[in-house]
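Below is one structure; the comments refer to it alone.
The values are calculated or read from the model by the stated rules, or taken from the named source; none is laboratory data. Bear in mind the structure is a predicted one, so any value in this text is a computation, not a measurement. Glycine also receives a Cβ, built like all others from the backbone with ideal geometry; neighbour counts cover every protein chain displayed.
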Amino acid sequence: MRRSAKVVALWATGWLVGCGGNASSAPAQGLGPTSAAPPSGTPSGSPPGSSSCLGAELLASLGKKSVMFGFSDVDATAALAPWDLRYQYLSGPIADGSACSAATGGWWGCWQDWSQPPGQFVTGFIATEAGYHQTAMFTYYIILQASGASEGAGEVAAANDATFMAKYFTDWRFLLTTIGSETVLLHIEPDFWGYAEQANSNPHLVPAAVSSANPTDCTGEEDSIAGMGQCLIAMVRRYAPNAKVGLHASAWGSNVDVSLNTDPSLDVAGEAAKVGAFLTECGASSGDFVVAEASDRDAGYYQSVGRDTWWDATNATLPDFTQAFAWGKAVAEAVGKPLLYWQIPVGDMNQNNTTDHWQDNRVQYFFDHPDELAAAHAVGAVFGAGATGQTTPSTDGGYLVGRANSYYTAGGVPGCP
């Protein structure tokens, strides 16, 4: 089992919180939009492709025709390329939402000047990205930190605590009403669904407080992980009708980590079908996309601590990109929704394998082969560090930004081949 440890990179700051631990202090106050926008990213136009393209509807709804690219980093990076997307974690404790103060400063609703009303961080981030002609994406990663449970089975069990889940659903509702009619992407609980699948491959048999915790929105939903996913997505349709939403597909959710598999006899499509079936029962096919990832840290970093997480860019030796994309394609087809690759390591082969400068080959491969992303039903990929000390768009010497600008200058690659 592989955990994709995460990092919360606060908007327009260098303040970082390793996911799995709570913030020790509040972010700097007085954050706001910065410099002028570059030209718009992937060109807009008529709906791409045919009905056989799983990404056609999502791309058209965002005004896009080409494979999209995005990032997570500070505002300065947003201004350096005509990105399509920028993602931001929302994580930490849950507060009551009435006011911001030292007591509530760790809550995402107060990640701004505390004189401003709760939720201003989110509306400010959306406005900033609109100024860059980029779409904001929020990764909602709350259960583990807010519940205080242990990672894995503990956080899945926390979903069956009616008192906690009542607060959780209230927080989710507050986020959605804050977003309102804005067009954003919402990524719900990375890793959580994989841990739930490992608890039981039938999500109807994994208990969760759903209708019992949120009768306002979830009446009639099953008190199970399946009902939880279905209600979270239904709430998006009710409170944030223009938002696009997706659950997270973990390559290790079926108890076989396909992303690092070295056995050529493994039934990759079969393992993907298990993950896809689980997510479908959790409501993923009522969403707009499914999120997949590659690794939570740069391969050079993992190599320095004795782990081999490289994918072979020649696709001659497992694990490789062909295997990873085959798994992703099968998941997308099982759910009936396109993929969005997320938190792709930022390292490149020009780095020197020191803190903030670790090597990886995924940026190069994704930009060298965007046609392979499209063929795997991926509408795009967003790059970002999964922990402090990893390579970021601000520490890579401009490689990621340079590749992005070259891609957009060349006109992109159709998202529906």
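What do you reckon, is LEU232 surrounded by 24 or more Cβ atoms within 10 Å (Cβ to Cβ) and part of a strand (DSSP E or B)? When the stated conditions are applied, LEU232 does not pass them. Entry remark, segment 146-195: residues being in a strand (DSSP E or B) and either of a type outside the set (A, V, I, L, M, F, W, C) or closer than 20 Å to PRO118 by Cβ (or both) number 2 in total. For segment 105-154, the set of residues classified as crowded, with 19+ Cβ neighbours inside 10 Å and over 27 Å from ARG86 (Cβ atoms) consists of SER147 only. Listed conditions (1) crowded, with 20+ Cβ neighbours inside 10 Å; (2) closer than 20 Å to VAL268 by Cβ are all met by ALA375, apart from (1).
Of the residues making up segment 196-215, those that are touching a residue at least 40 places away in the same chain (Cβ under 8 Å), part of a helix (DSSP H, G or I) and surrounded by fewer than 24 Cβ atoms within 10 Å (Cβ to Cβ) are GLN198, ALA199, HIS204. Within the option set ASP263, ASP257, ASP298, being within 22 Å of ALA378 (Cα to Cα), surrounded by fewer than 22 Cβ atoms within 10 Å (Cβ to Cβ) and modelled with pLDDT of 95 or more holds for one residue only, ASP257.
Where helices (runs of 4 or more DSSP H) sit wholly within segment 315-417, those with at least 2 residues that are more than 29 Å from SER91 (Cβ to Cβ), touching a residue at least 60 places away in the same chain (Cβ under 8 Å) and more than 20 Å from the chain's Cα centre (by Cα) occupy 399-409. Report yes if some residue within segment 46-69 is over 20 Å from PRO414 (Cβ atoms), part of a loop (DSSP other than H, G, I, E, B) and in contact (Cβ under 8 Å) with a residue 12 or more places away in the chain; otherwise report no. No: zero hits.
Only residues that are of a type in the set (Val, Ile, Thr) and in a helix (DSSP H, G or I) were counted in segment 90-135, giving 4. Per the conditions (1) in contact (Cβ under 8 Å) with a residue 60 or more places away in the chain; (2) part of a loop (DSSP other than H, G, I, E, B); (3) surrounded by fewer than 18 Cβ atoms within 10 Å (Cβ to Cβ); (4) not acidic (Asp, Glu), the sole criterion not satisfied by GLY220 is (1).
Among the residues making up segment 203-229, those that are under 24 Å from GLY276 (Cβ atoms) and among the acidic types (Asp, Glu) are GLU221, GLU222, ASP223. Just to be sure before I move on: is THR104 hydroxyl-bearing (Ser, Thr, Tyr) and under 21 Å from the mean Cα position of the chain (by Cα) in the structure I sent? No; evaluated as a whole, the condition is false for this residue.
Residues in segment 235-264 that are farther than 21 Å from ALA334 by Cα and either assigned to a loop (DSSP other than H, G, I, E, B) or in contact with a His (Cβ under 7 Å, 6 or more places away or on another chain) (or both): ALA240, PRO241, ASN242, ALA243, THR262, ASP263, PRO264. Of everything in segment 266-295 that is part of a loop (DSSP other than H, G, I, E, B) and free of Cβ contacts under 8 Å to residues at least 24 places away in the same chain, the residue that is surrounded by the most Cβ atoms within 10 Å (Cβ to Cβ) is LEU266.
In this structure, THR409 does not qualify as over 27 Å from ALA326 (Cα atoms) and either crowded, with 24+ Cβ neighbours inside 10 Å or in contact with a strand residue (DSSP E or B) (Cβ under 7 Å, 6 or more places away or on another chain) (or both).
Among the residues of segment 393-401, are any closer than 21 Å to THR322 by Cβ, at pLDDT 95 or above and either touching a strand residue (DSSP E or B) at 6+ places or on another chain (Cβ under 7 Å) or not hydrophobic (A, V, I, L, M, F, W, C) (or both)?
no
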